[in-house]
4 protein chains.
Amino acid sequence: MGMVGGGLDAFIGAVHRRAAGFDNEIELVCGCFSQSPDKSKATGHALYLPEDRVYSSYEEMILREKELPEGERMDFISIVTPNHMHFPPAKMALENGFHVICDKPMTLNLAEAKELVGIVEKSGLVFGLTHNYTGYPMVKEARDMVRSGKLGKIRKVVVEYPQGWLSKYEEGNDYKQAIWRTDPSKSGAAGCMGDIGTHAENLAEYITGLQIEELCADLTTFVPGRLLDDDGNVLLRFQDGAKGVLHASQISNGEENSLKIYVYGELGGLEWHQMEPNTLKYKTQEGQRLIRPNVGDLSASAKAHWRMPSGHPEGFFEAFANLYRNFAFAVKAHMNGQQPDPVYDFPDVYDGVRGLAFIDTVIASSQDDTTKWTKFKE
Amino acid sequence: MGMVGGGLDAFIGAVHRRAAGFDNEIELVCGCFSQSPDKSKATGHALYLPEDRVYSSYEEMILREKELPEGERMDFISIVTPNHMHFPPAKMALENGFHVICDKPMTLNLAEAKELVGIVEKSGLVFGLTHNYTGYPMVKEARDMVRSGKLGKIRKVVVEYPQGWLSKYEEGNDYKQAIWRTDPSKSGAAGCMGDIGTHAENLAEYITGLQIEELCADLTTFVPGRLLDDDGNVLLRFQDGAKGVLHASQISNGEENSLKIYVYGELGGLEWHQMEPNTLKYKTQEGQRLIRPNVGDLSASAKAHWRMPSGHPEGFFEAFANLYRNFAFAVKAHMNGQQPDPVYDFPDVYDGVRGLAFIDTVIASSQDDTTKWTKFKE
Amino acid sequence: MGMVGGGLDAFIGAVHRRAAGFDNEIELVCGCFSQSPDKSKATGHALYLPEDRVYSSYEEMILREKELPEGERMDFISIVTPNHMHFPPAKMALENGFHVICDKPMTLNLAEAKELVGIVEKSGLVFGLTHNYTGYPMVKEARDMVRSGKLGKIRKVVVEYPQGWLSKYEEGNDYKQAIWRTDPSKSGAAGCMGDIGTHAENLAEYITGLQIEELCADLTTFVPGRLLDDDGNVLLRFQDGAKGVLHASQISNGEENSLKIYVYGELGGLEWHQMEPNTLKYKTQEGQRLIRPNVGDLSASAKAHWRMPSGHPEGFFEAFANLYRNFAFAVKAHMNGQQPDPVYDFPDVYDGVRGLAFIDTVIASSQDDTTKWTKFKE
Amino acid sequence: MGMVGGGLDAFIGAVHRRAAGFDNEIELVCGCFSQSPDKSKATGHALYLPEDRVYSSYEEMILREKELPEGERMDFISIVTPNHMHFPPAKMALENGFHVICDKPMTLNLAEAKELVGIVEKSGLVFGLTHNYTGYPMVKEARDMVRSGKLGKIRKVVVEYPQGWLSKYEEGNDYKQAIWRTDPSKSGAAGCMGDIGTHAENLAEYITGLQIEELCADLTTFVPGRLLDDDGNVLLRFQDGAKGVLHASQISNGEENSLKIYVYGELGGLEWHQMEPNTLKYKTQEGQRLIRPNVGDLSASAKAHWRMPSGHPEGFFEAFANLYRNFAFAVKAHMNGQQPDPVYDFPDVYDGVRGLAFIDTVIASSQDDTTKWTKFKE
């Protein structure tokens, strides 16, 4: 694996590296960790990489690695830069024969996302998108329960993602994470809705298998001076008549990272909280069951994404690692000319398009106070 | 107290009777418990009432009680009939000098509600409305925290009220509670939104002190054959720029009575769940505190609505009893020509108008797919 | 009902009155509320009792009421005095033909308790003991699950009752509840173990149906100057080889009233918390179910002790009221020469003896540092 | 790092490898993974180790690695074999100049443990013991709160560790984890008490800083045919007058891995659950606070053991990784002739002795039904 972005002072780069290394399937062999060659070198040094595998630009990395013999050169790149720097290295890597795993949202805008679909399809290579919350075993179980009909026809979905860390004007405080996430040139057209609203959208579609067809959004920028939305409330209409609510926020004061989803069907309901990820609540009119990893009879998918005996909590890193491992399995299968095993799934380029389309749709809806329902763009 | 409605096979009548009697301030002295004189008599008998205080109609009760000497006759009536039978006895009682406490929604429609305001104001009598969830001590504390500025300016409110008991066509099963609640002639123009959506609306306005100004609603009838909405999702815009989401449902399969509210301001957030009513979560970026009855420093209002040492759970009946006790205090104050103590508050006729206006507004909004924001009617 | 004790400044008297009146089966008709005739009168006045039914002593009450005609006179007495004043009025009431319901621990010591058994048996009258925690519907369900074999043979019981309200020397602060509870002449030989340890003991024996056979106790008085134990840890050995732990405390700083019980058998386990009394956790190696009142298939006993639809929390008062209602049913049955219905059970004089024997046994064990296992006295 | 034990079919070996690699401070360079050379080779192959670094015995590994040049040879060994095979490789490694990190309990018996102290002290090398539950950041915070006096003088400790996985005779089911853990020749004198009771003991002493001075134990073997205890209840007496209860079980049916601890002092109390490890409850008579990683003002120690923004759950692996990282820091410091930074602490050989002494003491106490209090051996 070669990494683009993820210098020492970045947050998400270290997450990706730990996730990639967790199951001993992936080795970091090279990187271009920063636009500053000095920072890139310093990061490579701290990561015990040989100096000649630390590059000054992603272009250099892709071209130089391509010249290395197979087995020695990187097999894929991991892109962990701010959003505006996702598309260029992804495109170049794919066009030079490297698989790609990329942070979300996939690109800066929907046009890039659609273009990337064509590039991926043309390349025949593996493309992964780190909508990491789908990596939790209880999310896998939830999806399986919907698929297997345990909930019956889905009627209602509530997905919420409140955070409070941007309750003040943090971008004025030299707080790097706040600065780029609230800067339209780096983050894209949406703030909160792009950063975490897309996770909520992806999770809802992943678990239910239903696509949002139209929506009605009310986005707000509460903090004076901020350039992008920091809160949004959205009514959802899914395929097949299911209704829903999605709300996400970075100004829900005192909330940490409280992604939750509730799914109700004709036969039963499900509830899952990211901050207590190892419990899936399954409710029917007969009572409530707590579904837990490695307890009782679970789906093959839930089992394949858990490592420990029950009661030994796995968390954010392990879910993230599940995506990397599954991506690595797909890369291996590709190398061996095999089909990947569907139990080891991960979000892909089409999920990425849905995410950018979601961003475009909520912004269009929110800006138009005369139209109630805006069709999901795509 | 004289009761209108609440025969032996009714559900809410017994709740009101227990709530009224709980603090030894109110005695049931007469009633007209059913449209069937036989049922009314049987109920009166079971309640150990003398036969001559059990009436065949509310009209008879009001006229006959009026003739009794003060001190012996009832001081007020409690109306616990289905919604269409709220306004007529309320009007007649007030016009004959009796105070009134009434179940919610206050009337069958907004026109009646507005008329009732005039009648109450003209009478100078006490009118109480049993939006019982405002009777919980931790709801009082939440309101006090908002008022005292602990949360700063309010930015966002999420209030949700999922139930699952109407997930099937229960009104076809000779299930009395389901039958009248889904019958427009008895329940009014809204089903779920009238029955529980109004509780959510009332709770949000009560705690925040902010009124909803406009909204965008998407109501649904999921169960085939049902005549009224059984689910609804609503975007809210409050006074002073606060935004919100309200969703309520009777088809959220497996949910019991899961009213929850989240309020976020510039300085902190609050979370309260009706099913665990004795914990109020107070969150700031410094951490989370669990506020509990009779623990630490609480508002006068919270203290005035709790009876036990901490850790001895009070619940639905005790909150309901708080409303009756406070109403009784106001009636007493009226009798004595005094002002009621504001710490012993209860919902009134103006809350009732807000509820009916909410129903009208969400229905109007939901029926109009071309208008995004519908002004709150009133 | 006539009440002994429970003056206006007492805590538990009002609880008993609310509990007694809750289901409209019991009416307070007279009382001797304090050793001070003035206080007794003031209490009677506040309770709207006629003056001639407020007495200066329990002796006077029993004798004068006995002369009243049946139907007018009280049917039973409720004893809510400090522990040392339980036995005398109970004895006199029974010997004069009145049924008795009494607070716990039943008497000041084991000798009195045993004597009371003889008096009750000789009288043929109904005797109830307010071990109120057995009145919760989920406790009934737990007992039923054990009885019906769902847990298999019981192996282990953990029952804990931490409170923190006596973490300081509150008895020096003119705090009435603290003063008598830490005074051996009023409370008996044990402090914490008598006040709440007996509740824990009773709950464990009630749910499991197993009696403690021997125990090993370590009681402590942590607060300087205190005259009785304020904390205790006990190893338990039950009939049939079950083992257990009981610990109770009044110095567990920050705990409110956190009675919990865990029961494990060969086939499954149960967990119940008094502070969240409407959830019973049922655990097996296949997973965990949350059992809730009025949800799904419950025992007749659980159903008979719940009044509301699911999700409307009942609490301490309702559980307490269940005891009074059941006691009232037994009194009625006695009056009518019928057998009481076993589904409406309540603790009795034999439970009271177990409680006093428990107190004696833990004190004996704790005082003897050379004997490991002390047989349960009785 | 060179590993002893941890073949592909073992459970804990993979845990140690993931934990060791998590923070990019430690690289697995060699191993002897099984007593079977074939299994050892297969494991080494699966881990992408070069063949010449996979050994047939720990003796071979130690001797051969010692001959390699510094920088190439392993710096320390990690011992993850069953208990009876801890001491021999630890001793040989230390005597040959290698640091050691070892699974718990440290040795098969107390005599070995004491001998190991001498060996470690003589060697001057770093010795780590993987009592992994001390690696959680909220456990660090708890210890810091006690140390800094926030709880005042400690009065009571309750530590409990129920599991249910050995509720049946699993050792008869070809279940490897069950077989060796219930075999005295491999597990030592205690079953449940050695496997998890020692974790509970270690956690209690770690957080409180108080040593157990005497105890009274009641161990039981509930499952017929089992050779070691599968349940135990213990009364504790700590230094300075603190009292406590410890109970652990492998037959608490339906429990997963439910280690919990409650600590009460003169000023406040703490509660922590391993299965929800990112919340530390801090209770005083003024109320309850939820302390969470990366929220508000935390100790340096808590901060040093958390990697993510708040609300991104870390779990078992991350806590385990904290031990390995801290051990690696100590090894580095040793190499550099520096003192290790005390904020990066980990359990050591003296904790190991406490664990073995605890096992000996509870067994001695349990076997002697005539002695109430058994002094803690050491």
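Worth a mention:
- Spin-label proximity, C:LYS39 to the range C:151-177 - amide N less than 11 Å from point 7 Å beyond Cα toward beta carbon: C:176-177
- Exposure proxy ranking, count of Cβ atoms within 10 Å, fewest first, for C:PHE11, D:PHE238: C:PHE11, D:PHE238
- Gyration tensor verdict on the protein assembly as shown (Cα atoms; rounded if a/c is under 1.5, prolate if a/b is larger than b/c, oblate otherwise): oblate
- Residues whose placed amide H lies under 5 Å from that of D:GLU214, excluding near-sequence neighbours: D:ARG237, D:PHE376
- Each Lys and Arg contributes +1 and each Asp and Glu -1, all at the Cβ; summed about the Cα centre of the protein assembly as shown, the dipole is approximately 0 debye.
- Cross-link table A:LYS122/A:LYS377; A:LYS104/D:LYS39; B:LYS114/B:LYS156; B:LYS303/C:LYS66, entries beyond 32 Å C-alpha to C-alpha: A:LYS104/D:LYS39; B:LYS303/C:LYS66
- Inter-chain Cβ neighbour count for D:231-239, averaged per residue, equals 4 (cutoff 10 Å, partner chain atoms only).
- Residues with amide H under 5 Å from that of A:CYS32, placed H, sequence gap 5 or more: A:MET3, A:VAL4, A:GLY5, A:TYR55
- Dipole magnitude (debye, nearest 20) for the range A:312-360, charges at Cβ of Lys, Arg, Asp, Glu: 160 debye
- Environment charge at A:GLY128 (Cβ cut-off 12 Å; Lys +1, Arg +1, Asp -1, Glu -1): -2
- Shape of the range A:2-129, Cα gyration tensor, a/c cut at 1.5: prolate
- Residue by residue along D:18-27, Cβ atoms of other protein chains within 10 Å of the local Cβ number 3 on average.
- With label points set 7 Å from Cα along Cα→Cβ, the inter-copy distances at B:ALA46 are 3.4, 6.7, 7.3 nm, sorted shortest first.
- Each of A:LEU108, A:HIS45, A:CYS32 was placed along the dipole of the range A:2-129 (beta-carbon charges, centred on the mean Cα), and the one lying farthest toward the positive end is A:LEU108.
- In terms of surrounding Cβ atoms within a 10 Å radius of their Cβ, B:LEU166, A:LEU8, D:LEU259 rank from fewest to most as A:LEU8, D:LEU259, B:LEU166.
- Distances in nm from D:GLY225 to the matching label points in the other copies, shortest first (labels 7 Å along Cα to Cβ): 5.5, 6.2, 7.2
- Radius 12 Å from Cβ of D:ASP9, net charge of other residues (Lys, Arg +1; Asp, Glu -1): +1
- Inter-chain shielding of D:167-177 (mean C-beta neighbours from other protein chains, 10 Å cut-off): 1
- Between A:LYS150 and D:GLN177, the modelled label-to-label distance comes to 2.1 nm, taking each label 7 Å out from Cα in the direction of the beta carbon.
- When the charge dipole of chain B is built from unit charges on Cβ atoms (+1 for Lys and Arg, -1 for Asp and Glu) and taken about the Cα centre, the candidate among B:ALA200, B:GLY188, B:SER167 whose Cα reaches farthest toward its positive end is B:ALA200.
- Cβ-vector label at 7 Å, B:TRP373, separations to other copies in nm: 2.2, 7.4, 7.7
- Taking each DSSP H run with n ≥ 4 as -39500 (n - 2.57) and averaging over every residue of the protein assembly as shown yields -10000 deg cm²/dmol at 222 nm.
- The chain D residue nearest the rotation axis shared with chain A, using its Cβ and rounding the distance to whole Å, is D:GLY315, 2.
- With each label modelled as a point 7 angstrom along the Cα→C-beta vector, the A:ASN24-C:ASP341 pair spans 6.5 nm.
- Restricting the GluC sites (Glu not before Pro) of the range D:261-304 to loop positions (DSSP other than H, G, I, E, B) with no more than 14 neighbouring Cβ atoms within 10 Å leaves D:GLU286.
- Residue exposure sequence - C:TYR161, A:TYR58 - by fewest surrounding Cβ within 10 Å: A:TYR58, C:TYR161
- Here A:GLU213 and B:LEU227 are evaluated by their C-beta separation; at R0 = 22 Å the FRET efficiency comes out at 0.25.
- The range B:240-322: C-alpha gyration tensor shape, a/c 1.5 cut-off, then a/b vs b/c: oblate
Values in this text are rule-based calculations from the coordinates and carry no lab data. None of the values given here were measured: they were computed from a predicted structure. Neighbour counts are summed over all protein chains in view; Cβ atoms, including those assigned to glycine, are modelled from backbone coordinates with ideal geometry.
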